[in-house]
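> My structure is below; once you've seen it, I'll send some questions.
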Amino acid sequence: MQKLIYLSTIFLLFGCKSEKQSDSEIEEQIIEITDAYHEVWETVNMDSVAKYHADDIRYYWHGFKAASSNDEFLKVFKEWMSSTEIWKMEVDNYDVQVLAQDIVIIGYNTKSTTTILTNGESYDYGNGALSYVWKKINGDWKIIHIHESALDKK
């Protein structure tokens with residue numbers, strides 16, 4: 001009987017553990033996955049980049065909607081990035097807002113965004129501001145919305 005009470009207590013203490021994460025845990029997770037997303041951009045492999053997106057992503061780029069779905073993102077950005085050899089973005093000042101356990105906004109500024117084309121030409125897009133809306137879908141964080149604005153051009 002004592003063994004049954006002991007096992008019941010263990011089950012109640014550990015078996016009913018809440019799956020809820022603290023806001024700081026979610027913030028940490030989102031910063032980590034955002035950094036990984038940026039690293040994938042540096043490979044210039046748009047198929048790999050698109051794996052971080054929800055199917056119905058919206059991507060706003062410098063004043064217009066560049067894509068209304070992940071399929072459209074792939075079509076547009078594969079074309080845009082086809083002549084890119086190297087793409088590098090330097091990030092500054094993450095600002096994370098946890099709206100719910102499954103919805104998070106992360107915003108940040110860029111110090112620079114450098115592109116080197118396949119012909120060797122180099123271009124620095126300058127500073128910018130970006131925000132992503134991450135949503136947990138079937139247990140995975142996916143970007144459902146991106147907004148990108150240029151602050152200045154060099």
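The values are calculated or read from the model by the stated rules, or taken from the named source; none is laboratory data. These numbers come from a predicted model, not from an experiment. We place every Cβ from the backbone using ideal geometry, glycine too, and count neighbours over all the protein chains shown. The protein model used for the area step is the full one, side chains on, heavy atoms only, and it has no ligands, DNA or RNA in it. Shrake-Rupley method; radii C 1.70, N 1.55, O 1.52, S 1.80 Å.
> Of these, Trp141, Trp61, Trp87, which one is under 27 Å from Asp23 (Cα atoms) and not β-branched (Val, Ile, Thr)?
Details: Trp61 fails: under 27 Å from Asp23 (Cα atoms); Trp87 fails: under 27 Å from Asp23 (Cα atoms).
Sole residue among the options that is under 27 Å from Asp23 (Cα atoms) and not β-branched (Val, Ile, Thr): Trp141.
> If Val98 passes every condition in (1) in contact with a Leu (Cβ under 9 Å, 6 or more places away or on another chain); (2) modelled with pLDDT of 95 or more; (3) of a type in the set (A, V, I, L, M) but one, which one does it miss?
All conditions are met except number (1).
> Among the residues of segment 35-60, which ones are in contact with a helix residue (DSSP H, G or I) (Cβ under 9 Å, 6 or more places away or on another chain) and of a type in the set (A, V, I, L, M, F, W, C)? Walk me through how you get there before you give the answer.
Within segment 35-60, the first condition is being in contact with a helix residue (DSSP H, G or I) (Cβ under 9 Å, 6 or more places away or on another chain), and the residues that meet it are 37, 40-41, 43, 46-57, 59.
Passing the criteria: Val40, Trp41, Met46, Val49, Ala50, Ala54, Ile57.
> Which of the residues spanning segment 129-143 are in contact with a His (Cβ under 8 Å, 6 or more places away or on another chain), more than 18 Å from Met81 (Cβ to Cβ) and crowded, with 17+ Cβ neighbours inside 10 Å? Steps first, please.
First, pick out the residues of segment 129-143 that are in contact with a His (Cβ under 8 Å, 6 or more places away or on another chain): 130-133, 142-143.
Cutting the leftovers down to more than 18 Å from Met81 (Cβ to Cβ) gives us 131-133, 142.
Selection gives Tyr132, Val133, Lys142.
> Are any residues in segment 68-92 farther than 16 Å from Ala54 by Cα and among the hydroxyl-bearing types (Ser, Thr, Tyr), and if so, which ones?
Passing the criteria: Ser82, Ser83, Thr84.
> I need the helices (runs of 4 or more DSSP H) fully contained in segment 19-106, keeping only those with at least 1 residues that are loosely packed, with under 15 Cβ neighbours inside 10 Å and under 14 Å from the mean Cα position of the chain (by Cα). Spell out the reasoning first.
Numbers: elements: 23-41, 46-50, 70-80.
Correct list: 23-41, 46-50.
> How many residues does segment 112-154 hold that are touching a residue at least 12 places away in the same chain (Cβ under 8 Å) and either under 24 Å from Ser68 (Cα atoms) or touching a Cys at 6+ places or on another chain (Cβ under 6 Å) (or both)?
23
> Among the candidates Gly120, Gly126, single out the residue that is in a loop (DSSP other than H, G, I, E, B) and either open to solvent by less than 50 Å² (accessible area, probe 1.4 Å) or at pLDDT below 90 (or both). Reasoning before the result, please.
Details: Gly120 fails: either open to solvent by less than 50 Å² (accessible area, probe 1.4 Å) or at pLDDT below 90 (or both).
The conditions single out Gly126.
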